[in-house]
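The values are calculated or read from the model by the stated rules, or taken from the named source; none is laboratory data. Because the structure is predicted, anything quoted here is derived from the model rather than measured. Note that we place each Cβ from the backbone using ideal geometry, even for glycine, and neighbour counts take in every protein chain shown.
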Amino acid sequence: MLARGHALLEGVPGTSKTLLAKSFARCLGLTFKRVQFTPDMLPLDIVGGFIFNMKTREFEFKEGPVFTNVLLADEINRAAPKVQSALLESMQELQVTVEGQTSKLPFPFMVIATQNPLDFEGVYPLPESEMDRFMLRIEFGYPRQEVEVQILKRNLTDLDLEEVRTVTDATALIEYFNMVDSVKVSDEILDYVSRLALETREDSRIGLGASPRAVVQLVQVSRANAFLDGRSYVIPDDIKKLANVALAHRMRLDRSATLKGLASDTTTIIQQVLNEVKPPR
């Protein structure tokens, strides 16, 4: 949120991805809407459309659920690609255009999408253009045994979201955004990030390397991380900490390299790139 990006939560069903998104919006004091993606959805189910008003005999624009501060796109990869693409303009330009009419979205605006692993039935892979608009992909695994015991104890009674306290609001968030924007990034750090991106594009195992948008967002989320750590400047460790979750989902393995067994996933390759490209001192 501080980096003004969008997050993709990936994991098997039942790991509380939806609950996390609801709780997150509530603690920030922001408006929240949820869209359950299904194969029979239409784009207007997300962005809205023109409805004929019988009283005025005119068409009126009815806003879709995208007009909110935090939008939960639940199981986004269960919808057809044309529906997934309905979010592209909203995520990048923070606006919606329907039949030539452009409407601005509320500020701040963030999409938290959840998706099941691609080896599940009835799912569609997100197009590269949409994956590139997610600042981070966060993988949800099964909880540790001691954590699962706590989950069982809490669910002996109904879990009430009223327990989640609001700790800030939109006005304070705008101040935080300005503080993040004031975090300095040296030319050496920018050169380091550029060299990392170049290495992913030139690696023969990678068919689609990190895009310019990817490195811009990596720098921005690193500034937010530095701010949370109480620093007014970005260090190489910020980049290293976030490179995997900011870049891996945007990249694609080369098919021939996969068939030859040279690469299994982009996360491993990024870690190798981080080990090979020397950071500034």
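Okay, here's what the table says:
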{"quantity": "Per-region count, the range 233-247, residues touching a strand residue (DSSP E or B) at 6+ places or on another chain (Cβ under 7 Å) and within 20 Å of residue 140 (Cβ to Cβ)", "calculated": "2"}
{"quantity": "Members of the range 90-117 found to be touching a residue at least 40 places away in the same chain (Cβ under 8 Å), touching a strand residue (DSSP E or B) at 6+ places or on another chain (Cβ under 9 Å), under 23 Å from residue 246 (Cα atoms) and of a type outside the set (Phe, Trp, Tyr), listed by number", "calculated": "90, 91, 108, 110, 111, 112, 113, 114, 115, 116, 117"}
{"quantity": "Selection from the range 227-272 of residues that are loosely packed, with under 15 Cβ neighbours inside 10 Å, of a type in the set (Gly, Ala, Ser) and in contact with a helix residue (DSSP H, G or I) (Cβ under 9 Å, 6 or more places away or on another chain)", "calculated": "232, 264"}
{"quantity": "Scope the range 51-74; condition aliphatic (A, V, I, L, M) and at pLDDT below 85; matching residues", "calculated": "51, 54"}
{"quantity": "Selection from the range 193-226 of residues that are closer than 16 Å to residue 279 by Cα, surrounded by 19 or more Cβ atoms within 10 Å (Cβ to Cβ) and over 22 Å from the mean Cα position of the chain (by Cα)", "calculated": "199"}
{"quantity": "Any hit, the range 156-174, residues being out of contact with any Asp or Glu (no Cβ under 9 Å at 6 or more places or on another chain), hydroxyl-bearing (Ser, Thr, Tyr) and in contact (Cβ under 8 Å) with a residue 24 or more places away in the chain", "calculated": "yes"}
{"quantity": "The lone exception for residue 36 - which of (1) modelled with pLDDT under 85; (2) among the polar types (S, T, N, Q); (3) closer than 18 Å to residue 114 by Cα it fails", "calculated": "(1)"}
{"quantity": "Which listed residue, of 52, 37, is hydrophobic (A, V, I, L, M, F, W, C), more than 19 Å from residue 168 (Cα to Cα) and free of Cβ contacts under 8 Å to residues at least 12 places away in the same chain", "calculated": "52"}
{"quantity": "Residues (over 19 Å from residue 100 (Cβ atoms) and assigned to a helix (DSSP H, G or I)) located in the range 42-66", "calculated": "45"}
{"quantity": "Unmet criterion (only one of (1) farther than 29 Å from residue 218 by Cα; (2) surrounded by 12 or more Cβ atoms within 10 Å (Cβ to Cβ); (3) in contact (Cβ under 8 Å) with a residue 24 or more places away in the chain) for residue 59", "calculated": "(3)"}
{"quantity": "One residue from 69, 77 being more than 26 Å from residue 125 (Cβ to Cβ) and surrounded by 17 or more Cβ atoms within 10 Å (Cβ to Cβ)", "calculated": "69"}
{"quantity": "Breaking point among (1) closer than 20 Å to residue 73 by Cα; (2) touching a Gly at 6+ places or on another chain (Cβ under 9 Å); (3) of a type outside the set (Asp, Glu), for residue 137", "calculated": "(2)"}
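Residue-by-condition table, conditions (1) farther than 22 Å from residue 221 by Cβ; (2) hydroxyl-bearing (Ser, Thr, Tyr); (3) more than 14 Å from the chain's Cα centre (by Cα):
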| site | (1), (2), (3) |
| --- | --- |
| 10 | no, no, no |
| 15 | yes, yes, yes |
| 23 | no, yes, yes |
| 27 | no, no, yes |
| 31 | yes, yes, yes |
| 44 | yes, no, yes |
| 50 | yes, no, yes |
